[in-house]
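Down below is the structure, laid out as structure tokens.
The values are calculated or read from the model by the stated rules, or taken from the named source; none is laboratory data. Just so we're clear, the structure is a prediction, and the values are computed from it rather than from any experiment. Counting neighbours? That spans all protein chains shown, and the Cβs are built from the backbone with ideal geometry, glycine included. Quick note on the areas: whole protein, heavy atoms, side chains included, nothing else; ligands and nucleic acids left out. Shrake-Rupley method; radii C 1.70, N 1.55, O 1.52, S 1.80 Å.
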Amino acid sequence: MSAAIASIPLLFLQINRRKTMTNFKIEKARCVTRTGWHGNAFVLPAETFGDAAGEEIILQSAIADGVTLTRAGTLADWRTRVAMPCAGNSRLVLALSAAFAASCLGMMNAEGGGIHFRGGSSSGKTTALLAAASVYGPATFMRTWRATDNALESVASLHSDMLLPLDEIGQLEPRAAGGAAYMLANGTGKTRSQRDGSTRAAARFRVLFLSAGEIGLGDLVREGGGKVRAGHEVRVMDIPAEPAGGTLGIFERMPEGVTPGQFAEQLKRATAEHHGHAFAEWLRYLTGNADTARTALRTKADELLKQLVLVDAAGQVRRVAQRFALIGAAGELATDQGLTGWKSGEAELAAYVCFRSWLKARALREARRTQVRRERLHPQRAHPRLGQQAARVRPQRPQIARRQQRRR
Ligand SMILES: Nc1ncnc2c1ncn2[C@@H]1O[C@H](COP(=O)(O)OP(=O)(O)OP(=O)(O)O)[C@@H](O)[C@H]1O
Ligand SMILES: [Mg+2]
């Protein structure tokens, strides 16, 4: 009797469990290791925009502090207090346009790369980076170069298809500088071994990075004993932070009655109070209108490219011009969507002005390199007095000496 009573709750439990088992639905989720486009969906740590084809996509990352994409204030106030005051300032408009362009690289099959603002201290470089970062989130969205390349790789995976603002290039280990630039621009991390000896797939990402510092990448590579290659210059576009002939640091136009220093402080305060909304709106537009956005970007970028370079421009110049053209086009499209409050053509003009600055700085570097080469080969032409001394001691080249012997 007692055994029969004891078995009743047991039976009830078993029936109940069976019921639960039949009601249990297996939910599948796809784990991804980088942010950004996965099919038609754009994945962020806390939300996914667009059509994930019925799947749940979860972002897994090894980075503890993740990526800060929080929102504060309102889009309207961000537009009037951050974006609109930037109009007329080529570097600031370029930085904000780059923030919008970063999510378009994948859609346009464009390669990653970076823009580096090189200029003196307290000229407004970090302010420009903060303004661009505010499209996405607060100041903590911005990172510094002070990181090992392993950490940089993980950070890049969390900024994939997004802007990666990296301040203070001077803090990067000089010997790692060239490699870090290639790694970020090419979008592939290192291949590593696993515990069992097999190789782990290398991290893949796609970033547009915005960098700043008092020195250029080339200076840092040379400081580390390396050689600056054309590949570096194409991947990281070094732009003088201060426009030629300007006296306002990175700025060219400011609100009336405001000094450049005050303008920088106003912008920083505004980015702290209003951020994050523009990116969410931008993603809503891109994911909801991918085909239209792609066509508009292609048309605008092609038009701008024609104004930047001739069809037969050198390969390296054309490649850089393509990146500037896409940045300008993204800025224009963001303006068309009512995100920036700029007048039409503002982003294109900024891309044009900054591309000319890059070109001029490159020509100066080339001229300097040619001069150094010439000095080595023909010291008498470069420094007449020094050259006379050098010519006296310089041995004749064998074929010249032979020719002279024959004449005698
Ligand atoms: N163009 C400018 N002219 C004068 N003062 C400026 C200018 N830009 C910034 N400042 C002042 O310098 C402060 C720091 O600005 P910011 O961080 O943007 O400079 P930075 O160029 O990044 O300097 P650093 O190279 O030292 O990091 C600002 O709070 C402001 O007071
Ligand atoms: Mg700074």
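What the table shows:
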{"quantity": "From T80, T74, T70, residue being of a type in the set (S, T, Y) and in contact with a helix residue (DSSP H, G or I) (Cβ under 8 Å, 6 or more places away or on another chain)", "calculated": "T74"}
{"quantity": "Qualifying residues in segment 97-111 (those that are touching a Ser or Thr at 6+ places or on another chain (Cβ under 9 Å) and of a type in the set (G, A, S)) - the one surrounded by the fewest Cβ atoms within 10 Å (Cβ to Cβ)", "calculated": "G106"}
{"quantity": "Helices (runs of 4 or more DSSP H) wholly inside segment 216-308 containing at least 3 residues that are within 20 Å of A99 (Cα to Cα)", "calculated": "260-273, 277-288, 290-308"}
{"quantity": "Residue list for segment 116-141, restricted to those being surrounded by fewer than 24 Cβ atoms within 10 Å (Cβ to Cβ) and more than 13 Å from ligand 1 (Cβ to nearest atom)", "calculated": "G137, P138, T140"}
{"quantity": "Evaluation of K343 against (1) open to solvent by 20 Å² or more (accessible area, probe 1.4 Å); (2) away from ligand 1 (no atom under 16 Å from the Cβ); (3) in a helix (DSSP H, G or I); (4) in contact (Cβ under 8 Å) with a residue 12 or more places away in the chain (one fails), failing number", "calculated": "(3)"}
{"quantity": "Some residue of segment 10-31 being modelled with pLDDT under 95, of a type in the set (A, V, I, L, M) and under 20 Å from V207 (Cα atoms)", "calculated": "no"}
{"quantity": "All positions within segment 283-306 that are within 15 Å of Y352 (Cβ to Cβ) and either under 23 Å from the mean Cα position of the chain (by Cα) or open to solvent by less than 60 Å² (accessible area, probe 1.4 Å) (or both)", "calculated": "K300, A301, D302, E303, L304, L305"}
{"quantity": "Candidate set: segment 161-183, residues that are open to solvent by 40 Å² or more (accessible area, probe 1.4 Å) and either outside any loop (DSSP other than H, G, I, E, B) or in contact with a Cys (Cβ under 6 Å, 6 or more places away or on another chain) (or both); chosen: the one nearest to T335 (Cα to Cα)", "calculated": "Y182"}
{"quantity": "Within segment 253-268, considering residues that are within 16 Å of ligand 2 (Cβ to nearest atom) and more than 24 Å from A72 (Cα to Cα), the one surrounded by the fewest Cβ atoms within 10 Å (Cβ to Cβ)", "calculated": "G261"}
{"quantity": "Qualifying residue in segment 273-283 (condition: within 17 Å of A95 (Cβ to Cβ), within 11 Å of ligand 1 (Cβ to nearest atom) and touching a Ser or Thr at 6+ places or on another chain (Cβ under 9 Å))", "calculated": "no"}
{"quantity": "Of all residues in segment 233-252 being open to solvent by 20 Å² or more (accessible area, probe 1.4 Å) and among the aliphatic types (A, V, I, L, M), the one that is nearest to ligand 1 (Cβ to nearest atom)", "calculated": "L248"}
{"quantity": "Condition met for L158 (open to solvent by less than 10 Å² (accessible area, probe 1.4 Å), closer than 23 Å to P45 by Cβ and more than 16 Å from ligand 2 (Cβ to nearest atom))", "calculated": "yes"}
{"quantity": "Number of the condition not met by G137 [criteria: (1) more than 16 Å from ligand 2 (Cβ to nearest atom); (2) modelled with pLDDT of 95 or more; (3) of a type outside the set (F, W, Y); (4) within 14 Å of the chain's Cα centre (by Cα)]", "calculated": "(4)"}
{"quantity": "Residue pairs meeting the criteria (Cβ under 6 Å; at least 6 apart or on separate chains; first farther than 15 Å from A176 by Cα, in segment 227-243; second open to solvent by 20 Å² or more (accessible area, probe 1.4 Å) and modelled with pLDDT under 90)", "calculated": "A230/Q316; V234/Q316"}
{"quantity": "Qualifying residues in segment 201-232 (those that are within 19 Å of the chain's Cα centre (by Cα) and open to solvent by 20 Å² or more (accessible area, probe 1.4 Å)) - the one nearest to T127 (Cα to Cα)", "calculated": "E214"}
{"quantity": "Among (1) within 16 Å of ligand 2 (Cβ to nearest atom); (2) more than 13 Å from the chain's Cα centre (by Cα); (3) without any contact (Cβ under 8 Å) to a residue 60 or more places away in the chain - the single one E173 does not satisfy", "calculated": "(1)"}
